[in-house]
Amino acid sequence: TLAPSVPVAFLDPNAYAEIGNELADGAPVVALRLHAATKAGRFAEIVRDPEGSDTAEELVAATLAHAGIRSARVRARAGLLVDALLLQHLNDAANMVESGYASVDDIDTAMTAGCGYPQGPFAYIAQLGPEYVAGGLAELYDETRQPAVWPSPWFDDAIAAEQLG
């Protein structure tokens, strides 16, 4: 059993159910999401818990900083901060292809060559997986009911193609 003063950081929200009984009563728990490294380095989202320990969140942030990982404290919501922004951007690109406005290659080229992005939206979709993106968008929709975040029909074809290999 860990001492009550030791903060425990969970990368997976289901992890608490699996090892929660090993924690001492009152042990501070901090949820975070560690993102894959990019050209800008590593980044983590530390989920604010209004009933949690600011000290524990600050300790986790300091530990991440010591490891060279930038972090931000964000509120608990679908997609946290990064996915709430990124997935909508990817959905807009998918809707553009679905409507016949532009091709996948044209959009990726425009965003990299024209806007200076490190990779285009469809490269991100390939990296994350269309099923992950569509699922995240569905969670955003369930929380917000904003029609703009409903997954583009383009994802249905992309997921089917991925499953076929």
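On the given criteria, is L90 of a type in the set (A, V, I, L, M, F, W, C), touching a residue at least 40 places away in the same chain (Cβ under 8 Å) and surrounded by 13 or more Cβ atoms within 10 Å (Cβ to Cβ)? So L90 passes the test.
Please go through the stretch 120-165 and give me each residue that is outside any helix (DSSP H, G or I), open to solvent by 50 Å² or more (accessible area, probe 1.4 Å) and touching a helix residue (DSSP H, G or I) at 6+ places or on another chain (Cβ under 8 Å), ordered by number. Give the steps one after another, and end with the answer.
From the stretch 120-165, those outside any helix (DSSP H, G or I) are 120, 129, 145-146, 150-153, 165; that's our starting set.
With the extra rule that they be open to solvent by 50 Å² or more (accessible area, probe 1.4 Å), the set shrinks to 145-146, 150, 153, 165.
Within the stretch 120-165, Q146, W150, P153 meet the criteria.
Name every residue in the stretch 58-87 that is open to solvent by less than 30 Å² (accessible area, probe 1.4 Å), more than 30 Å from G120 (Cβ to Cβ) and touching a residue at least 40 places away in the same chain (Cβ under 8 Å), in order of residue number. V60 - this is the single residue of the stretch 58-87 that is open to solvent by less than 30 Å² (accessible area, probe 1.4 Å), more than 30 Å from G120 (Cβ to Cβ) and touching a residue at least 40 places away in the same chain (Cβ under 8 Å).
Just for the stretch 1-48: of the residues that are assigned to a strand (DSSP E or B) and more than 30 Å from Q119 (Cβ to Cβ), which one is modelled with the lowest pLDDT? Full working, then the answer.
Of the stretch 1-48, the ones assigned to a strand (DSSP E or B) are 8-10, 29-38, 41-47.
Remaining after also requiring more than 30 Å from Q119 (Cβ to Cβ): 8, 29-30.
Values: V8: 66, V29: 75, V30: 81.
Within the stretch 1-48, the match that is modelled with the lowest pLDDT is V8.
What is the one condition in (1) within 27 Å of V149 (Cα to Cα); (2) open to solvent by 30 Å² or more (accessible area, probe 1.4 Å) that E51 does not satisfy? That leaves (1) as the condition not met. Q127 - would you say it is under 17 Å from I159 (Cα atoms), modelled with pLDDT under 95 and not acidic (D, E)? Yes; evaluated as a whole, the condition is true for this residue.
The values are calculated or read from the model by the stated rules, or taken from the named source; none is laboratory data. In this text the structure is predicted, and so the values were computed from the model without any measurement. All Cβ positions, glycine included, derive from the backbone under ideal geometry; neighbour counts span all protein chains shown. Calculation scope for accessible area: heavy atoms of the full protein, side chains included, ligands and nucleic acids excluded. Shrake-Rupley method; radii C 1.70, N 1.55, O 1.52, S 1.80 Å.
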